[in-house]
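The values are calculated or read from the model by the stated rules, or taken from the named source; none is laboratory data. What you see is a predicted model; the values in this text were computed from it and never measured. No Cβ is skipped: glycine too gets one built from the backbone with ideal geometry, and neighbour counts run over all protein chains shown.
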Amino acid sequence: MVNQPALIIIDVQKAFNLPYWGERNNPSAEENMKRLLEEWRKRRLTIIHIQHVNKENVESMFHPNTETVKFKQEVQPLQGEIVIQKSVNSAFIGTDLKKLLKEKSCNSVIIVGLTTNHCVETTTRMAGNLGFSTYLVSDATATFNREGPDGVQYSAEEIHNMTLVNLHEEFATIATTSGILEKVRKGQL
């Protein structure tokens, strides 16, 4: 069977709109995710929505009973699209994601979502380790400012870029939305 590239959209949930997270990079990330999603839908390719859920802590912004656990409007799953819930950083742990990708002959995965240095990075590393041809779309993911253990403040852009550096050509090919759209239209994924 011919490879079908899967678009994996990680944790694009309303919780990440909360001021709690601080300053963010890539303000157009969701719009780029939407562009990719529309192309995948048009071509009837595999789309997998990943949703982070914390069933244990009723105070969590990711608890199933909260408004903030829901997907953002730009990437709202349509009826019939696959939604996988996870409770840890990797979308492969405790889920049937790997099995699902194999069953659908998805040898290549295109990863987008929130946040670059957490669930996106962890899932990307595992996808690469599991042997998938993995693409991380740099302008369709974003993160937030963070403080290091030494008290040094790091900007979202610094963290985002260092994550891309760490993943590039080791675990994934780093690409742009336009680059991926061109590749999928030419059947090169």
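Structural remarks
- Any chance F144 is surrounded by 20 or more Cβ atoms within 10 Å (Cβ to Cβ), under 24 Å from Q51 (Cα atoms) and either of a type in the set (A, V, I, L, M, F, W, C) or more than 13 Å from the chain's Cα centre (by Cα) (or both): yes
- The residues listed here are L189, L181; of these, the one that is under 17 Å from L45 (Cβ atoms), at pLDDT below 95 and out of contact with any Cys (no Cβ under 7 Å at 6 or more places or on another chain) is L189.
- Close contacts from the stretch 148-162, counting a first residue that is without any contact (Cβ under 8 Å) to a residue 40 or more places away in the chain and exposed (fewer than 13 other Cβ atoms within 10 Å of the Cβ) and a second that is not aliphatic (A, V, I, L, M) and not in a strand (DSSP E or B), with Cβ to Cβ under 9 Å and a gap of 6+ residues or different chains, come to Q153/N145.
- Hey, F62 closer than 19 Å to T143 by Cβ, among the hydrophobic types (A, V, I, L, M, F, W, C) and touching a Pro at 6+ places or on another chain (Cβ under 9 Å) or not: no
- Test: residue in the stretch 119-140 that is part of a loop (DSSP other than H, G, I, E, B) and surrounded by fewer than 19 Cβ atoms within 10 Å (Cβ to Cβ): yes
- Pick from the stretch 141-173, criterion outside any loop (DSSP other than H, G, I, E, B) and of a type in the set (A, V, I, L, M), ranking: nearest to V184 (Cα to Cα): A172
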